[in-house]
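Comments concern the structure below.
Coordinate-derived values only; no laboratory data. Since we're looking at a predicted model, the values are computed, not measured.
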Amino acid sequence: MEGQGVVAISLPVWIFEKRSAIEWICDVWATGPIYLNKAAKANSSYEKMKHVITFVISSAYGVVDMRKPFNPIIGETFEGYWPDGTWLYLEHISHHPPISSFLVENVGVYRLYGSLEYKGKMGDFGNSVSGGIMGNTYIEFADGSTFVYDLAPITIA
């Protein structure tokens, strides 16, 4: 199993959570209504960057989970909204490799968009798993400022 892609390995159903990956990925952005709205209202680039960094770091918490979401099928979509007026649109666009595209938008405040690939591999002797959701995420604010980030890979041993 060493070096195998975790997303390609068949697993028992009890290890899965009840949602597919495109619904699960919304957990990553759950703090967006707090920190991105604060960033949009910030008076300086320094303050705006502090709120964006806080948002990105807080996003890592939503990714770490021992349960695996179900792999979405090509063309599967998810749409939702948060009470602050932010809308979420996601679509699974590739099966091999598994990639989903997304747009998270609070009209007139910020847009967060990009495509993410779900990656994972088994470590030595199958006693660790490393991977994550890889790909650039873009945040554009109404004032024209833009931030780009990629989440760091995670290892569970």
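What are the ³J(HN,Hα) values, in whole Hz, obtained from phi via the Karplus relation 6.51 cos²θ - 1.76 cosθ + 1.60 with θ = phi - 60°, for each residue of segment 134-144 in sequence order, with x given for Gly and Pro?
Coupling constants for segment 134-144: 10, x, 5, 10, 10, 10, 10, 9, 4, 7, x Hz.
Residue by residue through segment 15-21, which ³J(HN,Hα) values in whole Hz follow from phi under the Karplus form 6.51 cos²θ - 1.76 cosθ + 1.60 (θ = phi - 60°), with glycine and proline marked x?
Result, rounded to whole Hz: 7, 8, 8, 7, 10, 8, 4.
Using θ = phi - 60° and the Karplus relation 6.51 cos²θ - 1.76 cosθ + 1.60, list the HN-Hα couplings for segment 87-97 in order, rounded to whole Hz, with x at every Gly or Pro.
Working through the residues one at a time gives 9, 10, 10, 9, 9, 7, 10, 8, 9, 10, x Hz.
Segment 83-152: D in µm²/s via Stokes-Einstein (Kirkwood Rh, Cα pairs, 10 °C, 1.306 mPa s)?
Stokes-Einstein gives a translational diffusion coefficient of 115 µm²/s.
Give the long-range amide H neighbours of Phe70: residues separated by 5 or more places, or on another chain, with amide H under 5 Å away, using H modelled in the peptide plane at 1.01 Å from N.
Those lying under 5 Å, H to H, from Phe70 are Glu17, Arg19, Ser20, Ala21.
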